[in-house]
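The values are calculated or read from the model by the stated rules, or taken from the named source; none is laboratory data. Since this is a predicted model, take the numbers as computed values, not measurements. Don't worry about glycine lacking a Cβ; one is built from the backbone with ideal geometry, like all the others, and counts go over all protein chains shown. The protein model used for the area step is the full one, side chains on, heavy atoms only, and it has no ligands, DNA or RNA in it. Shrake-Rupley method; radii C 1.70, N 1.55, O 1.52, S 1.80 Å.
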Amino acid sequence: MYKYHFVKVELNAWGSKPKEDYQNIIHQYASEGWRFVQIFAPSTKGYGSAAYFELIFERPLN
């Protein structure tokens with residue numbers, strides 16, 4: 001069994017760049033024992049682009 005954690009990273013309206021450095025987020029969670037599983041970007045903004053993406057992490061339940 002695994003526990004999952006989702007981190008939402010907003011994107012700037014102009015250019016769709018992340019407001020936070022997602023690589024730093026991944027390193028931070030990895031140092032806490034989380035394994036990076038996937039990045040998910042739903043198509044939620046005009047013209048099919050994403051307004052945010054989610055980083056998905058997992059770790060075994062204790």
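Tell me which residues, restricted to segment 7-35, are of a type in the set (Phe, Trp, Tyr) and in contact with a strand residue (DSSP E or B) (Cβ under 6 Å, 6 or more places away or on another chain).
Of everything in segment 7-35, those that are of a type in the set (Phe, Trp, Tyr) and in contact with a strand residue (DSSP E or B) (Cβ under 6 Å, 6 or more places away or on another chain) turn out to be TYR22, TYR29, TRP34.
I need a count of the residues in segment 19-51 that are open to solvent by 50 Å² or more (accessible area, probe 1.4 Å), modelled with pLDDT under 95, not in a helix (DSSP H, G or I) and not hydrophobic (A, V, I, L, M, F, W, C).
Result for segment 19-51: 6.
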